[in-house]
Amino acid sequence: MDGCGVRNAEGMTMHIYQDGTDSVYRRKQELRRYMLNLRNSLSRADIIGRSDIIQGRVLMMDEFNSSSIVGLYSPIGSEVDTSALARYLLEHGRVLAYPRIHGREMIFARVVDPVIDLTMGRYGILEPSSACEVVDPDLILVPGLVWDEHGYRIGYGKGYYDRYIRTNPDAVRIGVAYDFQVLSSIPHSEEDARVCVVLTERRVIRVE
C-alpha cells in the first residue's frame, strides 16, 4: 500500500493512502477524524481570536457587503464563530438567515432575533423555528471539517450543504475555516459541491 503525505499551510502532514481498494469514503472518514481531533485541541481563547480575524475578513469582502440576504450557520463545538457577523447584519438592517433541516434537505429561514427565533434542532444545532420566513440567501457561509485549495470540503457526512449548493448554484458560497484545516487537495466525488471562496485567518483563496 502506497501512501502520500498531504501538507497544509501550517506544515502538518496528513497521510492519505491511495491503492486500488481504498475508497473515497474511507479516506474522507480518516480525514474527518484527524481534523476534528486537531480542531478540538484549540483553546477557547484561540477559537475566539482566530474567529475574530476570520469574521473581520468576511466583513471586508465585496460579496458580503453587496448581498441583501446573508446565510450564516450556528457554530457547534470548535467551529469558527459567526456571532459578530450576525450582530453586524442585524445592526445594519440586513436580512440574516440560518439553515434549518427539512427532511433530507436544508433550507434557510430569516432570523430577526436570534434569542427568540433560534431553537434547538436536529443534531443539537440551533436553527430557525418553523414560524420563521423561508428565504433564499444571496450569500452563505459554509462550515466544514476539511477543505482544499480547489474549494472542495469534507463536512460531517450528511450531505446537506452539498445538496443545497447544487440546487442553489447562484448563491455566493464562502467556506470559513482555520488555516490548518485547508489542505492542497482532498478526496472528492461527483456529489461534492465546491465553494467560491475559502477564507481563513491567514488567507483568502478564490476558486477559479
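Each value in this text was obtained by applying a stated rule to the coordinates, not by laboratory testing. Treat the numbers as computed from the prediction; the structure is a model and nothing was measured. Glycine also receives a Cβ, built like all others from the backbone with ideal geometry; neighbour counts cover every protein chain displayed.
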- Message: If N is the number of residues in the stretch 135-208, what value comes out of its Cα radius of gyration divided by 2.2 N^0.38 Å?
- Response: 1.01
- Sum -39500 (n - 2.57) across every DSSP H segment of at least 4 residues in the chain, then divide by the residue count to get the 222 nm mean residue ellipticity, nearest 500. -8000 deg cm²/dmol
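Assuming R0 = 30 Å, what is the FRET efficiency of ILE48 and THR119, from their Cβ-Cβ distance, to the nearest 0.05? Don't jump to the answer; show the numbers that get you there.
On the way: r = 25 Å, r/R0 = 0.83.
Using R0 = 30 Å, I get an efficiency of 0.75.
If the chain between ARG33 and HIS150 were fully stretched, how many nm would it gain, using 0.36 nm times the residue separation less the Cα-Cα distance? The partial results should precede the final answer.
Numbers: separation 117, 0.36 × 117 = 42.12 nm, distance 2.13 nm.
That works out to 40.0 nm of additional length.
Report the antiparallel proportion of the DSSP beta bridges in the stretch 3-206 as a percent, rounded to a multiple of 5. Don't skip to the answer; put the middle values down first.
Details: 22 of 36 bridges.
Counting DSSP beta bridges with both partners in the stretch 3-206, the antiparallel share is about 60 percent.
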- In what order do TYR178, TYR160, TYR34 fall by count of nearby beta-carbon atoms within 10 Å, going from fewest to most? TYR34, TYR160, TYR178
- Could you list which residues have their amide H under 5 Å from that of PHE108, counting only those 5 or more apart in sequence or on another chain, with H placed in the peptide plane? ARG100, VAL135
- Non-local residues with an amide H under 5 Å from the amide H of ASP81, with H modelled 1.01 Å from N and Pro and chain starts lacking one, are SER51
- Message: How big is the stretch 64-208 along each principal axis, measuring the range of its Cα positions in Å and listing the largest first?
- Response: 41, 32, 30
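Relative to the Cα centre, what is the charge dipole magnitude of the stretch 3-206, using +1 at the beta carbon of each Lys and Arg, -1 at the beta carbon of each Asp and Glu, and rounding to the nearest 20 debye?
Values: 25 positive and 27 negative charges, 84 e Å.
Using only the charged Cβ atoms, the result is roughly 400 debye.
Report the gain in length on full extension from VAL24 to SER83: 0.36 nm times residue separation, minus Cα-Cα distance, nm rounded to one decimal. Don't skip to the answer; put the middle values down first.
On the way: separation 59, 0.36 × 59 = 21.24 nm, distance 3.40 nm.
Separation in residues times 0.36 nm, less the Cα-Cα distance, equals 17.8 nm.
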- So what are the ³J(HN,Hα) numbers for the stretch 85-102, from phi and the Karplus equation (6.51, -1.76, 1.60; θ = phi - 60°), rounded to whole Hz, Gly and Pro as x? 5, 4, 4, 4, 4, 5, 5, 9, x, 8, 8, 9, 9, 10, x, 9, 7, 10
- Computed over the stretch 13-132, the distribution of all Cα-Cα distances in 10 Å bins, rounded to whole %, is 11, 32, 32, 19, 5, 0
- With each label point set 7 Å from Cα along the Cα-Cβ vector, what nm distance links ASP62 and ALA131? 4.1
- Query: So for the chain, taking the charge dipole from beta-carbon charges (+1 Lys/Arg, -1 Asp/Glu), which of ASN65, ILE48, LEU199 sits furthest toward the positive end?
  - Reply: ILE48
